[in-house]
Amino acid sequence: MQLKNLFIPLSLILATVQLSHATENNETKINETENKTRVVMLGTGNPGFDYKRDGQNILIVVNKQLYMFDAGPGFMKNINYLSDQKWMPSNTIFSNQSVYGAIDKLFITHLDSDHTLGIGEFLLRPWVQGRSSQPDVYGPPGTKNLVDYTIKAFKSDIDHRTGGPQPSNPTGFKAKVHEIANTGLIYQDQNIKVTAFKVPHSSWKIAFGYRVETPDKVIVMSGDTRFDENNLKYYQGADVLIHEVMSDVAYKKLPKDWQNYMLGAHTTTQQLADIANVVKPKTLVLNHAIFLSQSESGLLKEVTDQYAGKVILADDKVIID
């Protein structure tokens, strides 16, 4: 009897231990799933009109922290598409402890308007919804002017909200601007390391691409750039290479002056396929696609005919994990 009585509790103990270990393993898997790096293409357009593609914005999410790259027109509304994702901060309005407070880091590649017309949205819309912490904005020389004059342009709106009956705070729209002029590490925290590298884009004196390293991914964003072998060293080892692209077939049909301009500013499908064949990213994302007279499927085929790796033609709200 004594042995039998002893056996029953031991069985229960063993079962409890096994269940506890299983629960811990499940929780670990859930945490790992929620904390791993996601790349979200919130805006994938170019300066032209495209009802399917908003202005440029690439969102990287790590451990529920948000890191945004570029701020083209219209991208901000696409944040709402992610509101039911467990790996996103809570969608609690009128609180800094929410997705609105987490929209607080922006990195600008260059100051073309299709990459910056959404600066006002970045500064003001999360603030109206509760952001009280000051956001950080990184970008080339001229970024501070852009931010300062955007705030001046919306002075009437800001005064109305801060001076009237609407609950508000005086800080959430005031960005801390960090202008960068050289290649190198520009930002680092416990989740992410961001390196800026200069790229050649038409007549801009300073334009950047960004290499981002997280605990589980290397993401490289070309920004707007023509083909340059110097870029390739920053592309090496990329899990995700997000690169601008222009139809090689279609640009050759343009008038000669536009051909010359385009080739000095952008990377053709043939050039990008050549790049991918050298650096071999795990995933190549075609962004800021300049179709001209080419179809979407045609532009994609121009690349995949020359490169056999995984290729995605970016649309708004595409999630890469």
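The values are calculated or read from the model by the stated rules, or taken from the named source; none is laboratory data. Everything numeric here is computed off the predicted structure, so don't read it as measured data. Positions of Cβ are generated from backbone atoms using ideal geometry, with glycine treated the same way; all protein chains shown enter the neighbour counts.
Odds and ends about this structure:
- The lone exception for residue 59 - which of (1) surrounded by fewer than 24 Cβ atoms within 10 Å (Cβ to Cβ); (2) aliphatic (A, V, I, L, M); (3) without any contact (Cβ under 8 Å) to a residue 60 or more places away in the chain; (4) touching a Ser or Thr at 6+ places or on another chain (Cβ under 9 Å) it fails: (4)
- Hits in the range 187-198 - residues which are in a strand (DSSP E or B), touching a residue at least 60 places away in the same chain (Cβ under 8 Å) and surrounded by fewer than 19 Cβ atoms within 10 Å (Cβ to Cβ): 187
- Residues in the range 199-229 that are hydroxyl-bearing (Ser, Thr, Tyr) and either buried (at least 24 other Cβ atoms within 10 Å of the Cβ) or more than 19 Å from residue 68 (Cβ to Cβ) (or both): 202, 203, 210, 222, 225.
- Checking 150, 109, 92 one by one, the residue that is at pLDDT below 95 and either part of a helix (DSSP H, G or I) or out of contact with any Cys (no Cβ under 9 Å at 6 or more places or on another chain) (or both) is 92 and no other.
- Flag if residue 196 is farther than 24 Å from residue 44 by Cα and modelled with pLDDT of 95 or more: no
- Boolean, residue 100 is under 23 Å from residue 86 (Cα atoms) and among the hydroxyl-bearing types (Ser, Thr, Tyr): yes
- Selection from the range 305-316 of residues that are in contact (Cβ under 8 Å) with a residue 60 or more places away in the chain and either surrounded by 15 or more Cβ atoms within 10 Å (Cβ to Cβ) or small (Gly, Ala, Ser) (or both): 314, 316
- Summed over the range 274-312, the residues that are under 16 Å from residue 220 (Cβ atoms), in a loop (DSSP other than H, G, I, E, B) and among the aliphatic types (A, V, I, L, M) give a count of 0.
- Contacts under 9 angstrom Cβ, first residue in the range 209-223 being at positive phi, partner buried (at least 24 other Cβ atoms within 10 Å of the Cβ) and assigned to a strand (DSSP E or B), 6 or more apart: 223/69; 223/208; 223/209; 223/210; 223/244; 223/288
- Failed condition for residue 134, given (1) touching a helix residue (DSSP H, G or I) at 6+ places or on another chain (Cβ under 9 Å); (2) polar (S, T, N, Q); (3) modelled with pLDDT of 95 or more: (1)
- Of 261, 234, all but one fail to be over 22 Å from residue 313 (Cβ atoms), more than 20 Å from the chain's Cα centre (by Cα), surrounded by 14 or more Cβ atoms within 10 Å (Cβ to Cβ) and at pLDDT 95 or above; the exception is 261.
- Exactly one residue out of 248, 257, 274 is closer than 21 Å to residue 234 by Cβ and not aromatic (Phe, Trp, Tyr): that is 274.
- Hey, residue 58 among the hydrophobic types (A, V, I, L, M, F, W, C) and either modelled with pLDDT under 95 or assigned to a strand (DSSP E or B) (or both) or not: yes
- Of all residues in the range 103-123, those satisfying the criterion of being of a type in the set (S, T, N, Q) and within 15 Å of residue 149 (Cβ to Cβ) are 113, 116.
- If you go through the range 199-245 and keep only what is part of a loop (DSSP other than H, G, I, E, B) and farther than 30 Å from residue 258 by Cβ, you end up with 214, 215, 216, 217, 236, 237, 238, 239.
- Qualifying residue in the range 27-34 (condition: touching a Lys or Arg at 6+ places or on another chain (Cβ under 8 Å) and part of a loop (DSSP other than H, G, I, E, B)): no
- Entry remark, the range 224-245: residues being hydroxyl-bearing (Ser, Thr, Tyr) and free of Cβ contacts under 8 Å to residues at least 24 places away in the same chain number 0 in total.
- Only residues that are small (Gly, Ala, Ser) and under 17 Å from the mean Cα position of the chain (by Cα) were counted in the range 77-100, giving 1.
- Taking each residue of the range 246-275 that is within 18 Å of residue 203 (Cβ to Cβ) and looking for partners that are surrounded by 20 or more Cβ atoms within 10 Å (Cβ to Cβ) and among the charged types (D, E, K, R) with beta-carbon atoms closer than 8 Å, six or more apart or interchain, yields 265/224; 266/224; 266/244; 267/244.
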